[in-house]
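Chemist: Sharing a structure with you now.
The values are calculated or read from the model by the stated rules, or taken from the named source; none is laboratory data. This structure is a prediction, so every number in the text was calculated from the model and none was measured. Glycine also receives a Cβ, built like all others from the backbone with ideal geometry; neighbour counts cover every protein chain displayed. Each accessible area value is taken on the protein alone, full model and side chains, heavy atoms only, with ligands, DNA and RNA left out. Shrake-Rupley method; radii C 1.70, N 1.55, O 1.52, S 1.80 Å.
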Amino acid sequence: MSEWKSPICLKVILIGNAGVGKSSFMNRYVNYRFTSSYRATIGADFLSKEVNISERPVILQIWDTAGTERFQSLGTPLYRGSHCCMLVFDVTSKASFSALEVWREEFLIQGEPLDSSNFPFIVVGNKTDLSNREVSGSLQALHWCERIGAQYFEGSAKEDVDVDKAFLSAAQAALQQY
Ligand code: GDP
């Protein structure tokens, strides 16, 4: 008989500019659906999903935050206790990519992870289904990720490209922080 293990709860937080697709990415992963109507997240929202990571039952608690300055004061309590942070940008918006540096700094300051130099960040370039791309994955995004020691994924919440892959990696990284 296999050993019974109770699930552990891991917190993954999504941050980045408003409109990059954070809610859509989370919804695609947890609820298997996509909606094209845009509804700004007010403050923060979370969804849970049960998964097995390395044969360990895990409840992934995924937090979606509002990407507007108006809510950035919420950062402190929201960021704390995270086991992994997903920095999300839109590949058709250079500005959303450039903003990630500041989002990351904010997270490290306000979230106060125990070991900030080894805290896992996963960078996600969303909306690869669109043709008006402004950020090159192989050049700009990968280059920055190498510099900050983050993993890079790109895909599409709309067309369900590599969403699972990005979350699986986030869950694995989160488990190592537990
Ligand atoms: P958030 O503010 O970062 O949470 O962004 P939302 O998830 O609300 O998405 C903002 C807008 O982008 C919505 O109209 C979504 O339908 C759209 N969107 C999200 N992901 C994708 C994607 O992968 N491809 C395309 N084409 N549109 C997307």
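Chemist: Would you check which residues across the range 77-95 are surrounded by fewer than 22 Cβ atoms within 10 Å (Cβ to Cβ) and among the β-branched types (Val, Ile, Thr) and list them?
Modeler: Step one: of the range 77-95, the residues surrounded by fewer than 22 Cβ atoms within 10 Å (Cβ to Cβ) are 77, 80-81, 92-95.
Thr92 - this is the single residue of the range 77-95 that is surrounded by fewer than 22 Cβ atoms within 10 Å (Cβ to Cβ) and among the β-branched types (Val, Ile, Thr).
Chemist: Can you pull out the helices (runs of 4 or more DSSP H) entirely within the range 71-178 that have at least 2 residues that are touching a residue at least 60 places away in the same chain (Cβ under 8 Å) and within 16 Å of the ligand (Cβ to nearest atom)? Before you say what the answer is, go through the steps one by one.
Modeler: Numbers: elements: 75-79, 94-98, 100-111, 142-148, 163-177.
Passing ranges, in order: 94-98, 100-111, 163-177.
Chemist: Test Val135 against the criterion of being closer than 26 Å to Lys49 by Cβ and of a type in the set (Val, Ile, Thr), and give yes or no. So that I can check it myself, show each step before the final result.
Modeler: Details: closer than 26 Å to Lys49 by Cβ: no; of a type in the set (Val, Ile, Thr): yes.
Judged against the criteria, Val135 is not a match.
Chemist: State whether one or more residues within the range 121-134 are basic (Lys, Arg) and under 16 Å from the mean Cα position of the chain (by Cα). Steps first, please.
Modeler: From the range 121-134, those basic (Lys, Arg) are 127, 133; that's our starting set.
Cutting the leftovers down to under 16 Å from the mean Cα position of the chain (by Cα) gives us 127.
Yes, the range 121-134 contains at least one residue that is basic (Lys, Arg) and under 16 Å from the mean Cα position of the chain (by Cα).
Chemist: Could you tell me which of the residues Glu106, Glu159, Glu112, Glu134 is at positive phi and surrounded by fewer than 17 Cβ atoms within 10 Å (Cβ to Cβ)?
Modeler: Numbers: Glu106 fails: at positive phi; Glu159 fails: at positive phi; Glu134 fails: at positive phi.
Going through Glu106, Glu159, Glu112, Glu134 in turn, just one is at positive phi and surrounded by fewer than 17 Cβ atoms within 10 Å (Cβ to Cβ): Glu112.
Chemist: Within the range 35-45, which residues are open to solvent by less than 90 Å² (accessible area, probe 1.4 Å), more than 7 Å from the ligand (Cβ to nearest atom) and either at pLDDT 70 or above or in a loop (DSSP other than H, G, I, E, B) (or both)? It would help to see each step written out before you state the result.
Modeler: So the first thing to find is which residues in the range 35-45 are open to solvent by less than 90 Å² (accessible area, probe 1.4 Å), and the list is 35, 37, 40-41, 43-45.
Keeping just the survivors that are more than 7 Å from the ligand (Cβ to nearest atom) gives 43-45.
If the condition is that a residue be open to solvent by less than 90 Å² (accessible area, probe 1.4 Å), more than 7 Å from the ligand (Cβ to nearest atom) and either at pLDDT 70 or above or in a loop (DSSP other than H, G, I, E, B) (or both), then Gly43, Asp45 are the ones that fit.
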